[in-house]
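Working notes, structure below.
The values are calculated or read from the model by the stated rules, or taken from the named source; none is laboratory data. Treat the numbers as computed from the prediction; the structure is a model and nothing was measured. Note: ideal-geometry Cβ built from the backbone for every residue, glycine included; neighbour counts use all protein chains shown.
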């Protein structure tokens, strides 16, 4: 009984070993490893046979270099080193088997071949290590670029959503004041609540547009009247203008040609410019807290100008205004004008800044006139 159990155990072990070997063979076949080993083995055997069959004066073992170079692209570093050692051993063994030729020349050729194999292996592995390091560096740079892009996206969202959120807070406080009055002013409270809903929808629209930009989708361009966009943006900015005591003067050209653009994104641009102008004028006397908005058309482009009488910027800093993360404001993100320019350029337009006399800053947005269909 014991012998039968032992025999059964041995048979079971053998079957398990065979099954394990079979699994390894199939796994190796799936990875293509056996084919690679076969190629290297055949090439090594050919070089060995030729080396053994030729005179000692012929440095045939140098062709082992070809085997090493092929193996570098197929196997790991340790396996390549082992193969190089095998080639060196085969070089010495072949020299002992060769009976023709000068022994002295054979020793010299064998030494040269072994040195060539060793140097080639070292250089090839160094090249592979350098390529691996370069690949890791590229991967690291890609990760850094992704982190930077994520940071820019987060800054963009924070900057853009901050405007409607600030407006919502202002309108909410106003609504509470009107409701808390004695007697409550329901009409004004209702208007404040309406502004809260509009600003919440604007914030939702901004987030939706940013998501489209991340996905690589372009703006939703429709036939748009720029003057209407200006009036909408002014209505949304009423809370900020009232809080800072800022006056807006408009000079909108009548019969302005239509443009092809995304209304929400254009409101986003103009809202940024108005907010910047309000903040630039905040520290001025009330009489100078004036913003001028004007529109016009020239040379197939519709122009929108936003001018304030604020502190402006140094002339040498004008080229930096559209750079991401560059700002002149304390606590600013430096993303506002960069985002504005990106949106305007996506509409086929351009943005320019100038220092008007005697003070302030003037930003011009130029958009192409909608082609007649």
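Among the residues of segment 251-272, the ones that are closer than 19 Å to residue 301 by Cα and outside any loop (DSSP other than H, G, I, E, B) come to 10 in all. The residues on offer are 72, 67, and the sole one that is in contact (Cβ under 8 Å) with a residue 24 or more places away in the chain, under 41 Å from the mean Cα position of the chain (by Cα) and in the same structural domain as residue 38 (by TED's automatic domain parsing) is 72. Within segment 36-51, the set of residues being surrounded by 16 or more Cβ atoms within 10 Å (Cβ to Cβ) and under 14 Å from residue 62 (Cβ atoms) comprises 43, 44, 47, 48, 51.
Working carefully through the options 197, 248, find the one that is touching a strand residue (DSSP E or B) at 6+ places or on another chain (Cβ under 7 Å) and free of Cβ contacts under 8 Å to residues at least 60 places away in the same chain.
Numbers: 197 fails: touching a strand residue (DSSP E or B) at 6+ places or on another chain (Cβ under 7 Å).
Going through 197, 248 in turn, the sole match is 248.
When we screen 84, 124, 95 for residues that are without any contact (Cβ under 8 Å) to a residue 60 or more places away in the chain, more than 24 Å from residue 35 (Cα to Cα), assigned to a helix (DSSP H, G or I) and in the same structural domain as residue 40 (by TED's automatic domain parsing), the only hit is 95.
Taken over segment 98-121, the criterion of being at pLDDT below 85, loosely packed, with under 12 Cβ neighbours inside 10 Å and not in a loop (DSSP other than H, G, I, E, B) is satisfied by 103, 104. For segment 231-247, filtered to residues that are assigned to a loop (DSSP other than H, G, I, E, B) and at pLDDT 80 or above, the residue that is nearest to residue 270 (Cα to Cα) is 246. Taken together, 321, 355 contain a single residue that is at pLDDT below 80, within 20 Å of residue 278 (Cα to Cα) and in contact with a strand residue (DSSP E or B) (Cβ under 7 Å, 6 or more places away or on another chain), which is 321.
I need a count of the residues in segment 260-271 that are farther than 12 Å from residue 343 by Cα and under 28 Å from the mean Cα position of the chain (by Cα).
First, the residues of segment 260-271 that are farther than 12 Å from residue 343 by Cα: 260, 271.
Subset that is under 28 Å from the mean Cα position of the chain (by Cα): 271.
The qualifying residues number 1.
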